[in-house]
Structures are given as C-alpha cells and as structure tokens.
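Remarks on the structure that follows.
The values are calculated or read from the model by the stated rules, or taken from the named source; none is laboratory data. Just so it is clear, the model here is predicted, and its values are computed rather than measured. Heads up, the Cβs are rebuilt from the backbone with ideal geometry, glycines too, and the neighbour counts pull from every protein chain shown.
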Amino acid sequence: MQENFFLKSGQSEVELSAAGAEIFAWRVGGRDLLWNGDPAFWPRRAPILFPFCGWLRNGTFRVGGQSYASGVHGFGHTTPFRLERHGPASARMVLDDTPATHAVFPFRFHLTVNVSVGEAGFACDIAVENPGETVLPFALGYHPGFRWPFDGGAREAYRLVFEQDERAEAVRTAPGGLFTGETIPAPLSGRDIDLSRAFAGQDSLVFRNVRSERVAFVAPSGRQIVVTAQGFPNRVFWTRPGAGYLCIEPWTGEGDPVDFSGDLSEKPGMILLPPRQARRFRFACELQ
C-alpha cells in the first residue's frame, strides 16, 4: 500500500494516508491539532464514512431480501484509495467499486476525494457518483477528532459555537449507538454548547437538520478551530471518557433506528442517487 504522504502550504501541513483517504495529522506552525490515534481510546484520526453513517442494527443491512454484514460506518475508511494526483499542496484520491466491494455492498459507485491545504487549514471536496444502472443508496460522513485541549487551558472551559441558532435538542441514542426516535435536551444556549455538560448522559450529541454550516471549537485563549461543512444536514459531537479528543462530525445520514428491519433504501437519512448522477460535499478546517 502507498505510504503516507504530506501536503503543505505556508504554516499548515497535512499527512494523508491511502487507506481510506484518511488525514493522519494536521499541523499549523508545528502544532498538532488532530488526535493521535491512541488505540486505548480510539485508533482513528479523521476517517471518511461511506456508504453508511453510524451503527447498523445487528451489524447487518438488507438489499432486495438479502442480508449483508457490515461494521460501523461501512468500509470506506478501511479500504485503500487510488492516488490519482499529488502536488505540493493538494491530492486527488479515488475509490471505485470492485468485485470485493460488491460482496459487501452490491452497488456501483465512484468516490473522489480532493484534499487541498491552505495557509492555516485544509479542505476535502468529496464527490459520490453513480456509474451504475440502478439507484445508489448511500450516506456520507466525515469524522475528524481534534485534540482537546488543543491550545492549553482546562477542557471544561472550551466551547462549541454554531454559526446560527439551533434547536436545543439532540437525538437520544441507545447502548450500541442505535437511534431511539426520542430526543434529549442539549446543553445549548443560543449558539453555544457547554462542553462541561455536553456528554453527561451519553457520549455523543447528534443534531439533526442544522442550519449552521460552520461550527467553531473555541479554546479559553480565544484560538479556535473553525469547521465548515456543506451538503451535510446533521452534526455529531463525540468523545470517550478520559480521552483527549473531541470529534466534530458532519453526517448526511444516521444510525439505524432500534427497531429497523427494512431495506437499505428505506433507512432514514440515506441519499438515493439516480444512475449517472453525482452529489458533491465539502469539509474544511481552519485554525484562527
């Protein structure tokens, strides 16, 4: 497999892996801002979620009466991508369906990830195309873990700030990550999430159909990581007890409902992409 390679512009540098087109590190001025992948807590850094977001009920999904086994978030984050282009500050990586993917996901697809590095951040422009003759059901997510704290200070003094006012409610999840269909109050005041109370009841906060494209992860010092996502209606914030990271995740989809037993095309949040069409998404981070 292709070894990791580096993209750089000004003070910003990204380490990119062919495995899942995952960004392994993001540094600005030599400062590491992404989680280090410590397997004691969470071995990933910034995986791309495809063709599902979240957990499947009983670890399976159904297409046309046939069941397929799959892990959380699908297979995109563990599958080698093909490096199509690599320059000093940008790279293009591609994942196509193969006989191996057909065995676990019986659809044609063409997934393109363009990573570009700017002076203080990076962007991922992602396109999902359907080269087949039938509808492609899929969901897409981005799952970066940021160091918490990333600029000193107490963890509980950090804040998340939405670009716009949002509803102060989040999805109640069941043990194992399935969606219950119920909501819980979110520690949200106007646009600010109180991180000292955010994960008291469960390890994730899931906001459906947000108005904001941008979310700022703000340190007590005033430094902030601004996360911008376009084409993703949902936002998930996730950590684990004692872990030094906070994940800020845009999703198009969601986990299975606790009682879901329908076809994959009926799963809530799935995009049903017609033949010969494409959908485009953008994710960007900047240290300010």
Considering only residues that are within 18 Å of residue 35 (Cβ to Cβ) and of a type in the set (D, E, K, R), look in region 202-234 and name the one that is nearest to the chain's Cα centre (by Cα). 203
Of the conditions (1) farther than 16 Å from residue 139 by Cα; (2) among the hydrophobic types (A, V, I, L, M, F, W, C); (3) in contact with a Lys or Arg (Cβ under 8 Å, 6 or more places away or on another chain), residue 95 satisfies every one except a single condition; which number is it? (1)
Residue 256 passes all but one of the listed conditions (1) in contact with an Asp or Glu (Cβ under 8 Å, 6 or more places away or on another chain); (2) surrounded by 22 or more Cβ atoms within 10 Å (Cβ to Cβ); the exception is number (1)
Just the residues that are surrounded by fewer than 21 Cβ atoms within 10 Å (Cβ to Cβ) and of a type outside the set (Ser, Thr, Tyr), please, taken from region 8-27. 8, 10, 11, 13, 15, 18, 19, 24, 25, 27
For residue 269, the lone unmet condition from (1) without any contact (Cβ under 8 Å) to a residue 40 or more places away in the chain; (2) part of a loop (DSSP other than H, G, I, E, B) is (1)
Within the set of pairs 6+ apart or on separate chains, which have a first residue in region 196-213 that is under 21 Å from residue 156 (Cβ atoms), a second that is of a type in the set (Lys, Arg) and at pLDDT 90 or above, and C-beta atoms under 7 Å apart? 203/240; 207/235
Subset of region 83-96, residues assigned to a strand (DSSP E or B) and in contact (Cβ under 8 Å) with a residue 40 or more places away in the chain, comes to 83, 86, 90, 91, 93, 95
Could you tell me whether any residue of region 125-136 is closer than 21 Å to residue 50 by Cβ, in contact (Cβ under 8 Å) with a residue 24 or more places away in the chain, part of a strand (DSSP E or B) and over 17 Å from the mean Cα position of the chain (by Cα)? yes
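Yes or no, residue by residue, for (1) polar (S, T, N, Q); (2) without any contact (Cβ under 8 Å) to a residue 40 or more places away in the chain; (3) part of a loop (DSSP other than H, G, I, E, B); (4) surrounded by fewer than 16 Cβ atoms within 10 Å (Cβ to Cβ):
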{"position": "146", "(1), (2), (3), (4)": "no, no, no, no"}
{"position": "150", "(1), (2), (3), (4)": "no, no, yes, no"}
{"position": "156", "(1), (2), (3), (4)": "no, no, no, yes"}
{"position": "167", "(1), (2), (3), (4)": "no, no, yes, yes"}
{"position": "177", "(1), (2), (3), (4)": "no, no, yes, no"}
Looking only at region 268-287, which residues are more than 20 Å from residue 248 (Cβ to Cβ) and surrounded by 15 or more Cβ atoms within 10 Å (Cβ to Cβ)? 268, 270, 271, 273, 279
Can you work out which of the residues in region 235-255 that are of a type in the set (D, E, K, R) and in a loop (DSSP other than H, G, I, E, B) is nearest to the chain's Cα centre (by Cα)? 254
Tell me, yes or no, whether region 69-76 has at least one residue that is surrounded by fewer than 18 Cβ atoms within 10 Å (Cβ to Cβ), in contact with a strand residue (DSSP E or B) (Cβ under 9 Å, 6 or more places away or on another chain) and either at positive phi or outside any loop (DSSP other than H, G, I, E, B) (or both). yes
